[in-house]
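Working notes for the structure below.
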Amino acid sequence: MPIYHPSICTQRDPKLLVGCGAHILDLQTVVKDGILGGAQKLDLKEMIEELESSIEVPSVFICPISLEPMQDPVTLCSGQTYERSNILKWFSLGHLTCPTTMQELWDDSVTPNRTLHQLIHTWFSQKYLALKKRSEDVQGRVLELLDSLKKVKGQARVQSLKDLRHVVTAHSSAKKMVVDNGGVALISSLLGSFTSHAVGSEGVGILVNLDLNSELKKNLIQPTRISLIADILNEGSIETKINCTKFIKMLTEGDASTIENVSSLSLLVGLLRMVKDQRHPNGVTAALALLRTLCSNESIRKQLVGIGAVAKLGGALSGLNAESLESALYILDVLSSLPEGRLALKNCEDTVRNLVKLLMKVSEICTRFALSILWAVFKLAPEECSVLAVEAGLAAKLLLVIQSGFNPELKQRSAELLKLCSLNYPDSIFISKCKLTRTIQ
């Protein structure tokens with residue numbers, strides 16, 4: 001909504017400022033052109049509520065007190081116009097001045113500004129009817145494209161899917177139209193073993209934008225379709241990769257039993273490649289979000305360790321943003337619950353060093369995950385890992401955690417880790433590793 005700019009709008013005004021382009025409309029013109037004449041009588045309040053957030057309302061229609069469109073404008077003797085309820089409330093508080101100019105009023109009566117009211121009603125009516133017409137046009141276009149998909153093949157099918165994807169992403173009303181008119185089943189039928197990646201990519205680009213119920217999701221979780229989506233994810237553009245990732249995550253939401261059905265070795269490899277490619281932060285975030293969901297399944301956790309996820313995620317830690325970093329650490333923490341996961345962490349020195357660097361650097365939850373992972377590795381090989389971690393600055397970081405405002409459990413874990421670290425050093429050397437001042441020593 002625009003900032004209010006004071007203007008004088010009375011019944012005697014020869015001209016009114018209307019629209020975003022600052023057009024001047026005189027009353028003879030608006031009557032001649034029918035702007036004040038034949039507007040369909042629609043409820044002004046309802047139109048304002050539906051349109052206000054999506055369009056820029058001319059400042060002349062805005063009440064200077066509430067900064068909202070006026071529904072019952074009235075004019076004071078000062079020439080300023082306000083919403084009736086707002087100015088009457090102003091008077092009830094004992095003010096006998098004009099809120100905009102602050103000049104004293106010699107008359108506290110208000111005069112209905114019928115011309116401005118009619119202009120407001122007509123302007124909103126035109127915008128409202130235009131919106132409804134666009135909505136009808138969108139519905140017609142959706143039905144036309146769905147009918148086309150039943151008939152066309154080859155490149156024409158790809159083009160129809162692309163057009164439908166553009167309509168769905170641009171108009172929220174189109175999403176419901178696709179679902180209500182059997183579009184999900186139609187698009188799903190196009191996804192199979194012999195589907196081209198061009199068709200599959202556009203199909204997923206549509207489906208990921210729809211609101212699917214559990215029954216529709218269940219019908220989509222078929223081996224051939226999931227296999228196709230995994231292939232498209234590995235070979236498509238970054239936009240396609242993100243759409244496929246979000247779509248698979250959407251299929252698993254609300255039903256953990258579906259996780260194993262949507263996962264595959266090909267999918268996991270593709271997701272780890274997306275994490276490695278840090279040129280596209282949105283892709284990294286989407287891939288880690290799906291991996292976080294998938295690793296709740298034990299067999300998938302073992303698969304991830306088997307394809308080198310520990311080293312790949314550990315090597316990527318330093319380049320992640322806060323949201324992605326939390327997901328990556330969560331996944332590593334879950335993988336460290338497996339014996340093979342702990343072994344992989346022990347053998348990945350860069351991951352241990354990166355974990356030490358992250359302590360006290362991003363957030364308390366990231367510090368908690370990092371400490372949990374380090375603790376799992378230390379229990380496996382305390383002497384080997386403690387030397388590596390201390391050389392990376394772990395002792396000093398642990399002391400900072402102990403002195404922080406973190407929760408007691410986190411501080412206790414830090415104290416236990418610090419004790420394990422100290423076992424491999426004489427006191428004097430260990431104190432020097434902690435980087436303490438002489439006074440604290």
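Please go through (1) touching an Asp or Glu at 6+ places or on another chain (Cβ under 9 Å); (2) open to solvent by 30 Å² or more (accessible area, probe 1.4 Å) for Glu383 and return the number of the only condition it doesn't satisfy.
Tallying (1) touching an Asp or Glu at 6+ places or on another chain (Cβ under 9 Å); (2) open to solvent by 30 Å² or more (accessible area, probe 1.4 Å), Glu383 fails exactly one: (1).
Quick check on this structure: which one of Lys241, Lys246 is within 22 Å of the chain's Cα centre (by Cα) and open to solvent by less than 60 Å² (accessible area, probe 1.4 Å)?
Selected residue: Lys241, the only one of Lys241, Lys246 that is within 22 Å of the chain's Cα centre (by Cα) and open to solvent by less than 60 Å² (accessible area, probe 1.4 Å).
Kindly evaluate Val57 against the criterion of being within 30 Å of His171 (Cβ to Cβ), without any contact (Cβ under 8 Å) to a residue 40 or more places away in the chain and open to solvent by less than 30 Å² (accessible area, probe 1.4 Å).
No, not satisfied.
Could you figure out which of (1) touching a Leu at 6+ places or on another chain (Cβ under 8 Å); (2) farther than 19 Å from Thr240 by Cβ isn't true of Ser296?
(1)
Looking at Leu388, is it at pLDDT 75 or above, open to solvent by less than 80 Å² (accessible area, probe 1.4 Å), out of contact with any Pro (no Cβ under 6 Å at 6 or more places or on another chain) and of a type outside the set (Phe, Trp, Tyr)?
Here the answer is yes, as Leu388 does meet what is asked.
Just checking, how many residues over segment 405-440 are modelled with pLDDT of 65 or more, open to solvent by less than 50 Å² (accessible area, probe 1.4 Å) and part of a loop (DSSP other than H, G, I, E, B)?
Total meeting the criteria: 2.
Check segment 16-36 and report whether any residue there is open to solvent by less than 80 Å² (accessible area, probe 1.4 Å) and at pLDDT 70 or above.
There is no residue in segment 16-36 that is open to solvent by less than 80 Å² (accessible area, probe 1.4 Å) and at pLDDT 70 or above.
For segment 72-89, give me each residue that is in a helix (DSSP H, G or I) and open to solvent by less than 60 Å² (accessible area, probe 1.4 Å).
Asn86, Ile87 - these are the residues of segment 72-89 that are in a helix (DSSP H, G or I) and open to solvent by less than 60 Å² (accessible area, probe 1.4 Å).
Which of the residues belonging to segment 253-298 are of a type in the set (Asp, Glu) and more than 23 Å from the chain's Cα centre (by Cα)?
Result: Glu260, Glu298.
Kindly provide the set of residues from segment 212-225 that are without any contact (Cβ under 8 Å) to a residue 40 or more places away in the chain and either open to solvent by less than 70 Å² (accessible area, probe 1.4 Å) or among the aromatic types (Phe, Trp, Tyr) (or both), ordered by number.
Selection gives Leu212, Leu216, Leu220, Thr224, Arg225.
Could you tell me which numbered condition Gly319 fails, if it satisfies all but one of (1) modelled with pLDDT of 90 or more; (2) over 16 Å from Ala389 (Cβ atoms)?
Only one criterion in (1) modelled with pLDDT of 90 or more; (2) over 16 Å from Ala389 (Cβ atoms) is unmet by Gly319, namely (1).
Test Ala156 against the stated conditions and say whether it is free of Cβ contacts under 8 Å to residues at least 24 places away in the same chain, of a type in the set (A, V, I, L, M) and more than 30 Å from Gly200 (Cβ to Cβ).
No.
If I ask for residues that are among the hydrophobic types (A, V, I, L, M, F, W, C) and under 26 Å from the mean Cα position of the chain (by Cα), which ones from segment 299-333 would you list?
Leu313, Ala316, Leu317, Leu320, Ala322, Leu325, Ala328, Leu329, Ile331, Leu332
The values are calculated or read from the model by the stated rules, or taken from the named source; none is laboratory data. No experiment lies behind these values; they were computed from the predicted model shown. Cβ: placed from backbone, ideal geometry, glycine included. Neighbour counts: every protein chain shown. For accessibility, only protein heavy atoms count, side chains too; no ligands or nucleic acids. Shrake-Rupley method; radii C 1.70, N 1.55, O 1.52, S 1.80 Å.
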